[in-house]
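Data first, discussion second: the structure below is written as structure tokens.
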Amino acid sequence: PAFRRFQRGYYRVYLPALAADWLQGPYLYKLYQHYRFLEGQIAILYVCGFASSVLFGLVSSSLVDRLGRKKSCVLFSLTYSICCLAKLSQDYLVLAAGRVLGGLSTALLFSAFEAWYVHEHVEQYDFPTEWIAVTFSRAAFWNNVIAVGAGGTADFFAEWLGLGPVAPFMVSIPLLVLSGVFAVKNWDENYGKKRAFSKTCGDGLKCLLSDRRVLLLGTIQALFESVIYIFIFLWTPVLDPHGAPLGIVFSGFMAASMLGSSLYRLAVSKRYHLQPV
């Protein structure tokens, strides 16, 4: 029962943050198009977000460990809320600044929350380490469910209620506030080991260059992510002229992703043993 309560406390903060993130997926390109920006200008805005994620991703673990994991989660709620509010502006520089803040928020989302959980699970509550996988597996399942629901929700506010492509970004803000408030009220602060940023990067580079398998894995992952980012940029301008409901299409993509994860788990299960040697 104590573990279940601890899990629920984590999900109350983490799942609204994920929901807010997914809500912004279906109508980002459409919003920039609605503001009458050209495809090249929209591409630069996307690159601002991706480049920001890369740069802040390099420093996010050090930043989170020094600032504190709980404070970093609250900072995520704040920066992502400002990023969403920036979408109300039609000024190109404001939108670009919003994309940079979005990159910072993404880096925090995929580092601070899990780091906080692992520390509390092991150090504070002393639960068995094998239970960590149980929590993250369940979080991954709900992440997929939320992603599917977010597409339909975004479509409902943008199209059905006729509030336009900016509506899903405004709907994200209460979820972000909820996540931040729950973190402030229910979480204790914890910190990581303070290591020099140069040493952290040096160790990572040494690992990358000393093991050929790590380098190959990184290369394959980078190529795969490149394809995904090209797809993320192009699917809206390809389908939108045909009158496709963007939110519903997005839900379809997320459902297909969920199916892929399920098929993978089935393939590597004890029943089929389709694992690489």
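The values are calculated or read from the model by the stated rules, or taken from the named source; none is laboratory data. As the structure is a prediction and not an experimental result, all values here were calculated from the model. All Cβ positions, even for glycine, are placed from backbone atoms using ideal geometry, and neighbour counts span all protein chains on display. Note: accessible area is taken over every heavy atom of the protein model, side chains too, but ligands, DNA and RNA are not part of it. Shrake-Rupley method; radii C 1.70, N 1.55, O 1.52, S 1.80 Å.
Computed values, structure above
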{"read-out": "Net length gained if the chain between His119 and Ser262 were fully extended (0.36 nm per residue, minus Cα distance)", "value": "48.6 nm"}
{"read-out": "Acute angle (nearest 10 degrees) that the helix 92-109 long axis makes with the longest principal axis of the chain, alpha-carbon atoms", "value": "30"}
{"read-out": "Listed residues Glu123, Glu39, Glu225 arranged by accessible area, highest first, probe 1.4 Å", "value": "Glu123, Glu39, Glu225"}
{"read-out": "Between helix 131-155 and the chain: long-axis angle, C-alpha atoms, 0 to 90°, nearest 10", "value": "10"}
{"read-out": "Lys, Arg +1 and Asp, Glu -1 on Cβ, resulting dipole of the chain about Cα centre, debye, nearest 20", "value": "620"}
{"read-out": "Cα-based equivalent ellipsoid, region 1-265: semi-axes from gyration tensor eigenvalues, Å", "value": "31, 23, 20"}
{"read-out": "Simple label model, 7 Å out from Cα along Cβ direction - Leu239 to Ile82, nm", "value": "3.3"}
{"read-out": "Dipole of the chain, positive end: most advanced residue of Pro26, Phe37, Val145 [Cβ charges, Cα centre]", "value": "Val145"}
{"read-out": "Net +/- balance of residues flanking Tyr35 in space, Cβ distance below 12 Å, scoring K and R +1, D and E -1", "value": "+2"}
{"read-out": "Of all accessible heavy-atom area on the chain, the percent that carbon and sulfur account for (1.4 Å)", "value": "68"}
{"read-out": "Pairwise centroid distance, computed over Cα atoms, of region 60-132 with region 171-193, Å", "value": "9"}
{"read-out": "Cross-link partners of Lys71 among lysines (Cα-Cα below 20 Å; sequence separation of 8 or more within a chain)", "value": "Lys185, Lys193, Lys194"}
{"read-out": "Probe 1.4 Å, protein heavy atoms only - accessible area per residue of region 1-154 in square angstrom", "value": "45"}
{"read-out": "Accessible area (Å², 1.4 Å probe, nearest 10) - Leu31", "value": "0"}
{"read-out": "Nearest-ten-degree value, helix 39-67 long axis tilted from longest Cα axis of the chain", "value": "20"}
{"read-out": "Asp203 versus Phe231: modelled label distance in nm, points set 7 Å from Cα along the beta carbon direction", "value": "3.4"}
{"read-out": "Nearest-0.05 FRET efficiency for Trp131 and Leu274, computed from C-beta distance (R0 35 Å)", "value": "0.85"}
{"read-out": "Theoretical FRET efficiency, 1/(1+(r/R0)^6), r = Cβ-Cβ of Val177 and Thr219, R0 45 Å, to 0.05", "value": "0.65"}
{"read-out": "Table column - 3J(HN,Hα) (Hz), region 199-206, Karplus curve with 6.51, -1.76, 1.60, x for Gly and Pro", "value": "5, 4, 5, x, 4, x, 5, 4"}
{"read-out": "Karplus (6.51, -1.76, 1.60) ³J(HN,Hα), θ = phi - 60°, over region 165-174, in Hz, Gly and Pro reported as x", "value": "x, 7, 4, x, 5, 6, 5, 5, 4, x"}
{"read-out": "Surrounding net charge for Pro237, when Lys and Arg each add one and Asp and Glu each subtract one, Cβ distance under 13 Å", "value": "-1"}
{"read-out": "Proximal aspartates and glutamates relative to Lys87, as straight alpha-carbon distance under 18 Å, when same-chain residues fewer than 8 apart are discounted", "value": "Asp21, Glu39, Asp155, Glu159"}
{"read-out": "Accessible surface ranking that places the most exposed of Cys83, Cys201 first, with a 1.4 angstrom probe", "value": "Cys201, Cys83"}
{"read-out": "Sequence-separation-based contact order of region 1-148, relative, with Cα cut under 8 Å and 6+ spacing, percent", "value": "33"}
